[in-house]
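Read the structure below first, then the notes.
The values are calculated or read from the model by the stated rules, or taken from the named source; none is laboratory data. Here the structure is a predicted model, which is why all the values come from computation and not from measurement. With ideal geometry, Cβ positions are generated from the backbone for all residues, glycine too; neighbour counts draw on all protein chains shown.
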Amino acid sequence: MIQHWLKSNQIPYLFSFVCLALIALMAFQINFLNEAKDLIEEQFDQKVNLAIGSTLSDFNAKHVTKLEMDDLLLNSTEESCTYIDIEKGTLTKTDKAELESNLSNYMSCFGIDEKYEIEIFDSACCVAQSGKSYCCAINPLDPNPDNYQLGVSFGSKEDYLFDRMKFMILSSILIFILLASVSFLILWSLIKQKRITANNIDFFNNTAHELKTPLTNISLALNLLGRKHAQIKEDQYAKIIKSENSKLKDQIERVLFLSRMENGEHKMKKEAIDLKILAKEVVDNMQMIIEEKEGSVELDLPFGELVVLGDPYHLSNVFRNLIDNALKYCNEKPVLKIQLKEIDDAVHVLFSDNGVGICKADQSHIFKKFQRVNTGDVREAKGFGIGLSYVKTVIEMHRGLINVQSELNKGSQFELIIPNK
């Protein structure tokens with residue numbers, strides 16, 4: 001996934017996605033805090049009302065009787081919003097002090113430490129100020145609608161709400177800052193890694209292109225020498241130079257091919273190919289290498305044609321690479337069997353060898369670039385570790401599949417499945 005973002009120019013989209021995610025997280029956190037504030041405020045209201053109710057319940061049980069409340073209502077003749085004159089009413093200053101003391105105890109009991117004021121209002125005044133005060137009838141059982149009420153007002157509930165929410169607010173801010181910092185740090189690292197990767201790829205590709213020129217010149221010079229001096233063609237050292245030059249050119253072509261594939265610059269030149277003929281040609285061309293390794297290759301070919309639409313150059317390289325691996329990674333005389341068969345509109349090509357095999361742990365990454373399997377005594381086998389990655393890329397570009405079955409020290413079997421339609 002990370003390699004995909006690095007290879008494609010998707011960093012701006014990823015940056016936008018991260019910003020949108022952070023904005024969504026911020027909106028969610030704000031909504032969460034608002035809901036928590038409403039819940040805490042509701043709990044605060046319930047506690048205050050419970051404290052007032054408990055205070056009046058205790059007070060009525062001791063002091064206020066039905067007769068006294070009736071007298072209080074009869075003595076009140078003003079229609080405007082007025083405070084009860086404690087000295088002239090049935091409630092004395094001592095009663096008010098007792099109410100304040102009891103209310104203070106209940107407030108502390110319910111965890112309310114905020115400053116508040118107590119006043120006694122008529123019903124009209126209480127209703128007018130109910131948005132700021134908590135009101136309750138002094139005698140809730142009195143059926144008279146003009147019953148006087150006790151009002152408790154707080155200067156501000158913000159301190160109480162902040163005290164209860166400060167941990168949530170601080171933790172939300174810290175979590176948001178942490179996630180934002182980590183996200184942008186990852187983005188910065190991706191951008192930096194993309195630059196490094198791009199520079200490395202450019203350097204590697206430029207180097208590979210530069211190496212092709214001297215290799216081509218070596219091959220050309222060797223051919224010209226062979227024309228002028230016929231004995232050079234049969235010279236052992238000249239054959240080694242030609243063989244190694246060819247191998248190095250093939251390795252460079254594979255590297256450049258994989259690079260072009262990843263950048264979407266290479267297009268397959270597909271044509272109708274008979275894989276039976278292609279397999280025979282590859283084996284015949286590699287016969288000298290097979291004999292040098294004292295190996296043998298058996299071709300199991302069915303009757304009739306096995307035609308697919310593909311690129312002959314790259315499919316030849318695929319066959320050559322799998323045969324070369326079977327010859328290199330073997331502790332005894334290599335024996336390779338190549339079997340071709342047609343199953344359900346696809347040609348299956350099986351390469352079975354008696355090599356060192358591949359353990360289960362290594363089979364998951366053998367098709368990745370620059371990955372080489374630790375095969376003990378044959379670890380010194382030459383190569384860049386791009387052969388099987390090249391094979392997989394070519395087969396997938398032919399809409400095919402590649403499977404491997406192998407056990408350590410029991411050989412391997414690679415199966416290519418190439419659609420023929």
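Among the numbered conditions (1) surrounded by 10 or more Cβ atoms within 10 Å (Cβ to Cβ); (2) at pLDDT below 80; (3) within 23 Å of residue 289 (Cβ to Cβ); (4) not hydroxyl-bearing (Ser, Thr, Tyr), the only one that residue 245 does not meet is (2). Pull up the range 342-371, narrow it to residues that are at pLDDT 85 or above and of a type in the set (S, T, N, Q), then point me to the one that is farthest from residue 416 (Cα to Cα). Going through the qualifying residues, I end up with 354. Does residue 116 count as at pLDDT 70 or above, surrounded by 12 or more Cβ atoms within 10 Å (Cβ to Cβ), in the same structural domain as residue 26 (by TED's automatic domain parsing) and closer than 21 Å to residue 53 by Cα? Yes: the conditions hold for residue 116.
Please go through the range 197-253 and give me each residue that is of a type in the set (Val, Ile, Thr) and in contact (Cβ under 8 Å) with a residue 60 or more places away in the chain, ordered by number. Talk me through it step by step, then tell me what you get.
Our first condition is that a residue be of a type in the set (Val, Ile, Thr); within the range 197-253, this holds for 197, 201, 207, 213, 216, 218, 232, 240-241, 252.
If the condition is that a residue be of a type in the set (Val, Ile, Thr) and in contact (Cβ under 8 Å) with a residue 60 or more places away in the chain, then 197 is the only one that fits.
Being of a type in the set (Gly, Ala, Ser) and modelled with pLDDT of 70 or more holds for only one residue in 376, 387, and it is 387.
For the range 229-317, please list each of the helices (runs of 4 or more DSSP H) lying entirely inside it that holds at least 1 residues being of a type outside the set (Phe, Trp, Tyr), within 30 Å of residue 341 (Cα to Cα) and in the same structural domain as residue 197 (by TED's automatic domain parsing).
On the way: elements: 230-233, 236-263, 275-285, 287-292.
Where helices (runs of 4 or more DSSP H) fall fully within the range 229-317 and carry at least 1 residues being of a type outside the set (Phe, Trp, Tyr), within 30 Å of residue 341 (Cα to Cα) and in the same structural domain as residue 197 (by TED's automatic domain parsing), they are 236-263.
For residue 320, are the conditions met, namely being surrounded by 12 or more Cβ atoms within 10 Å (Cβ to Cβ) and charged (D, E, K, R)? It would help to see each step written out before you state the result.
Details: surrounded by 12 or more Cβ atoms within 10 Å (Cβ to Cβ): yes; charged (D, E, K, R): yes.
For residue 320, the condition - surrounded by 12 or more Cβ atoms within 10 Å (Cβ to Cβ) and charged (D, E, K, R) - is met.
Of all the criteria given as (1) buried (at least 16 other Cβ atoms within 10 Å of the Cβ); (2) closer than 21 Å to residue 396 by Cα; (3) at pLDDT 85 or above, the one not satisfied by residue 283 is (2).
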